Amino acid sequence: MRGIVGAAAWHRICANMPCLCHLFVGLVLPLLVPRVSAQLELNYLLDEEVQSGTFVGNVFRDINLSSLYSPEALSVIYLRFLKENVSNFTITNRTGIIRTHGRLDREAVCPNMPECNIRLDVAIQPVQYLKIIKVTLDIRDRNDNPPRFVRPVISHSILESAIPGSGPGFVIPPPIDLDSPAFSVTRYELQPRDSPFKLSIASKVDDSQEIQLILNRSLDREKQDHYTFQLVAYDGGSPPNYGTVELQITVLDANDNHPAFAQPSYEVTIPENVSRNTTVIEVVATDLDIGENGAVSYGFSETTQNNYGHLFGINENTGEVYVKSAIDYELSHVYHLSIVAQDRGPDSIPGDTIVVVHVTDVNDNAPSISINTLSQRQDSWAEVYENSPVDTFVAHVTVEDRDSGPNGKFNCSLNNAHFKLQYLYDSEYKILTRALLDREEQEVYKISVTCKDRGINPLVTVKTLTIKVRDVNDHPPQFDQHNYSGELIENSYQGAYVTRVNATDADLGVNAEISYSLPGDMRRYFSIDPSSGVIRARTAIDREVMDEMRFYVVATDHGEPPLSSSALVIVEIQDVNDQAPIFPKDEYTFAVYENEPEGTPVGQVLADDADGLLYNTVTYKFLPSHNTNAFRIDEATGQISTASVLDREVQFVYYLEVLAQDKGSSRSLSSSTSVTVYVNDRNDNAPIFDYPSESNNTIYLSNQVPKGYVITKITAHDVDLGQNAKIVYDIESGNRDGMFHIDGMHGTLVVKEDLSHILSKMYELRIVARDSGDEMNMAFSNLNLVVNRSVPFPLAESQRGTLIGHNFTIVISVACVSALIIVVLVVAIVCLKRQDADRQARKYNCRMQALRMMSKDGDNPKASGDAPWDRAANQTKCNGTTPVDHSQIDITDVTDQQRFTSIPLCLPDTSLKTQQKIPNKDGQPKIWPTSTNSGNAQVSLS
C-alpha cells in the first residue's frame, strides 16, 4: 500500500488522521492483500555439532527489512525470538544475526527422523512494527555415531545335523545407529571369513533389517563343538564407523521344524482413543513338531520391543496383540509390529510376521492457546500504561490444534469493551486496546480468548489473561513531619545513628519508590540511607567547633519525570571525653647494667592529655607480656625500675609496651608506646677453656723439634662482651727452664729452647686465661707435654693425629710455606750457578744480620714489649761475643697460615755449607742447616 500512496503521503495521513489510518489498515488492507503474501519466511542450512557461536544467518539482511520499513522505523526496530525457551540459538536484537548456542546435537533434537527441521519464529518489535518471520533451520547430519549392538555377545546353539543353506538362520538383533539413514549401517562382515556360516540381510516393512546367520557347510560336533567369531557392522560414512558383536555358536545334536505363520503380514485399523488392554489382533503360528519342540511362544522383535513396546504388548502363549497405553494419531498414523514365533525345543529357529496397525483420527485435541506478552516479565499477565492510545499492543496469541482435517480448524474471539483480538497470520493473533484506560477507574482487567474447533463434536478452549494498568507519576513524596531532631555524641564513629526521616508517595510501583538524599555540603558530615531514610554520621564532629547542625533532607520518587520534597533536620552535638593521652615519642630506649639490685631506675615515660581537669589525669601500666615480670612502673609518674636482678647472659634486651590511660567519667581513653631496655654487660663470667680439657690434655713431643716449633694452640671463650670477653693467655707454672712460650693474644704454644738434650721428660704446664675487664676474671687448665727422644720428628702417626685434630689449619699453612721455600731455593740455585763469583763475596754473616735485625726491631712493637717474656732475661751470646735477642721470634695466629718472620738464633756451626733434608709435616723435604763451623746464622722457619 505504501507503494500505491507513497511513503511520505502515507505518513502524513496516519499522523493527521490516525482513526482513518487504523480503519484502513484493519479493514481495507486485509481485503486488498492476500494473507499468504504477508507471511515472511527464511530457510537456513546448518551442520550439527558446529562450535557454539557459529553464524547461522542475518535475518535483518536476508528478509530485506529495509524494503519493508522506513529509515525512521529501521532505526528503532529490533528482533527477538517469539518464544523464550529457545535453548540452542541466540539472536542479536539490532542486527538480527542468529548464532548457535551450546552443543547442537541432531540426534537429540530430531531423534530417529530422516530430516531435522527446526522452526524459529522471530518477532519484529516494538509492537507498532510487529511482524513474525518464520525461520526454518535444516540441521544436516554428521557421521558422529558408530553402529552399536545392544549386546556385546550373542550365543546360539545348532544341531550338527543341520543342513547347510536350508531354512531360516539365527536372527541377530541389528545394531543401533543414531545417525540419519544416510549414515546408518550399510554392510556387514563376518571375521574370520572361513567360518562355516554366512550372513543373510533382509529389509523389513518397518524399515528395519533382519540379520540371519545361516549355516554354509556341514558341521561335525566331534571335530569342533564350538565356534566364536565377530560380526562387524559398517555405516555409510567416509571413512565408515563400525561396531562389533561376538557370536558364539555351540554345536548340538536336532529340532528340525520351526514355527510358521499363516500369513506373512497382517493389517488392522484402530481409533486413536482405543481403550487400554484392548486386543488388536491375534496371530497364530504352527510347528509340526510335537512336545516342547512344537510348543510355540510369541514375542516382539527386539526393534519392535524397543520402539513400540510401551504402546503394544503380546501374549506369549496366545499371540494376542493388545494396547498397553494411549495411542495418539498426532504422533504416528501407522505402526509396523514385527512378531517372532519360536518353539521351545533345542536349536529353535524362529518364524516371523508383520502386523500393520493403522490409527484413525478422532477429535480428541482441543485448540491450544499460547499468549505471549513479548515482555521481559512473566507471560501470566500483561501491562499497559493508563495513558496509552487506542490500538496499543498488549499480547501475541498463537493457537494450535493437533487434530487433522476439520478437527484441526478453529475460530477465535475476544469479547471485551476495552480490548480486541486482531488476526495476523494462520493461527496467530494480537490483542490490542479498544479504548483509553484509566487506572484510577480500574487497575486490573481479566480478559478471555475463546477458540473452538470445527469438528462434529467441537472442542472449546478458553485462555484467560490478566492485564494490569500501569500508573504514571503524578504525586510527589510527602514527609510525615516538617522538622526532625536528633542527637550525636561528638567524635562518634563513622556510621553512628542520628535520626530517621520518613516520606510516603500516593503513586504505585516505581512512582511510589522514594530515595532520600542530602545537600552537597552536608554530605561531608552525614550520610542517609536512600531507602530507609536513616541518617548516620559520616565523620567525627568536634562539639568545640560546632554544637548544632541544621540541614534539609530531600525525598525524590523514581517516576519519570521524578518529583521531590524536603524537610528540615536539626542535630545537637553532645560533648564526651574525646582526647586520649599522647606520648611524645612512639618508642623509648633505655639501658641498665646487669646485676644491679631490685628497684634500680631505668627511665621515665610521660604522656600528655589535652582534655580538661576532669579527664586529663593519666595512669601508667605495662601491657601484658613475658618481659613485664623483670620491671615495674610507677602508675602516677611513669618511672620504670627493675623488679629483679638482671643477667645479660640470660637476656640482653627487653621489649615492653606501656599503656597511658585517662580517668574519664563514662569511659577512659588510652594510648601506648614501645620501650626497649638494653642490659649492659659487667665482667661477671670467667673464661672457659675449650682446649686443653680434662679428656684431652697430653701431647707427645720429639726432642728433635727446633726452636719456634708450634706445638698447639690454646683456646678458650668468655660469654661476656667486649673487653670483658677479650682473653689473654699465659703459663702460670710448670714451664721449668723456660722451655716453652705461649702467645698471650692468640694462645699459640711454641718451643722456646733446645730440647735435644732431653731424653724423656714430662712438663705439667698450668695455663691461665684472663679476661680484660676492669675486674679481671681468670681460669686455669693443665697441659701435659711429654718430651721423649723416642718420638720421631716429624711426629708419629698417632701424635700427628692429635696435632691435626687441634691444629689442622697449622698443618695446611706449613705445607704451603714449605712449597714456597722449595720454589725460592730452586730459583736461588739457578741464580748461584750464573753468579758463582759473586756468591763467594756475599757470604752469610750471622752477627751482622743479627745486629741489623736488632736495630730494625727497635721500632717493632712486638719486639719491644708485646712478647709475654722479658727480653733481657732471654739474651745469649753467639761465639761468646754478640748477644742475640730471642724475643724477636714473631709468631702469628695459627689461623694466619702459620707464617713466621726471620728469627735470629744462636746455632753452632751454621755456615750452610752442607744441608740435610728433613721431611716436614706434609711429608715433603725441608731444608735444614747442619753444623760444620762455629758462627751465626739467620734461618727462616716454616
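The values are calculated or read from the model by the stated rules, or taken from the named source; none is laboratory data. Since the structure is predicted, the reported quantities are computational estimates derived from the model, not experimental observations. Counting neighbours? That spans all protein chains shown, and the Cβs are built from the backbone with ideal geometry, glycine included. The area values use the complete protein model at the heavy-atom level, side chains included, leaving out ligands, DNA and RNA. Shrake-Rupley method; radii C 1.70, N 1.55, O 1.52, S 1.80 Å.
Some points to look at:
- Residue among 515, 527, 532 that alone is modelled with pLDDT of 85 or more, within 19 Å of residue 478 (Cβ to Cβ), in a strand (DSSP E or B) and open to solvent by 20 Å² or more (accessible area, probe 1.4 Å): 515
- Checked against the criterion of being open to solvent by 10 Å² or more (accessible area, probe 1.4 Å), part of a loop (DSSP other than H, G, I, E, B) and within 30 Å of residue 616 (Cβ to Cβ), the candidates 666, 644, 695 yield just one match: 666.
- Every residue from the range 168-195 that is more than 22 Å from residue 114 (Cα to Cα) and assigned to a loop (DSSP other than H, G, I, E, B): 168, 169, 192, 193, 194, 195
- Unmet criterion (only one of (1) among the small types (Gly, Ala, Ser); (2) over 52 Å from the mean Cα position of the chain (by Cα); (3) not in a loop (DSSP other than H, G, I, E, B)) for residue 165: (3)
- Residue that is most open to solvent (accessible area, probe 1.4 Å), among those in the range 249-281 that are in a strand (DSSP E or B) and more than 23 Å from residue 351 (Cβ to Cβ): 269
- The one condition in (1) open to solvent by less than 70 Å² (accessible area, probe 1.4 Å); (2) modelled with pLDDT under 90 that residue 133 fails to fulfil: (2)
- Subset tally (residues that are buried (at least 19 other Cβ atoms within 10 Å of the Cβ) and either out of contact with any helix residue (DSSP H, G or I) (no Cβ under 8 Å at 6 or more places or on another chain) or not in a loop (DSSP other than H, G, I, E, B) (or both)) for the range 353-394: 14
- Close Cβ contacts (under 8 Å, 6 or more residues apart or on different chains) running from residues in the range 570-596 that are under 30 Å from residue 501 (Cβ atoms) to residues that are assigned to a strand (DSSP E or B) and of a type in the set (Ser, Thr, Tyr) comprise 570/484; 570/485; 571/485; 571/499; 572/485.
- Long-range neighbours under 7 Å by Cβ, at least six apart or interchain, first residue more than 16 Å from residue 603 (Cα to Cα) and open to solvent by 50 Å² or more (accessible area, probe 1.4 Å) within the range 623-634, second part of a loop (DSSP other than H, G, I, E, B) and of a type outside the set (D, E, K, R): 629/643
- The range 211-245, residues that are surrounded by 13 or more Cβ atoms within 10 Å (Cβ to Cβ), farther than 15 Å from residue 192 by Cα and within 60 Å of the chain's Cα centre (by Cα): 211, 212, 234, 235, 236, 237, 240, 241, 242, 243
- Scoring residue 728 on the criteria (1) open to solvent by less than 50 Å² (accessible area, probe 1.4 Å); (2) touching a Lys or Arg at 6+ places or on another chain (Cβ under 8 Å); (3) aliphatic (A, V, I, L, M) leaves a single failure, condition (1).
- Single residue of the range 148-160 satisfying the filter (open to solvent by 30 Å² or more (accessible area, probe 1.4 Å) and over 21 Å from residue 260 (Cα atoms)) that is modelled with the lowest pLDDT: 160
- Enumeration of residues in the range 446-489 that are of a type in the set (Val, Ile, Thr) and in a strand (DSSP E or B): 447, 449, 450, 460, 461, 462, 464, 466, 467, 469, 489
- The range 119-160: number of residues that are of a type outside the set (Ser, Thr, Tyr), more than 47 Å from the chain's Cα centre (by Cα) and farther than 30 Å from residue 248 by Cβ: 5
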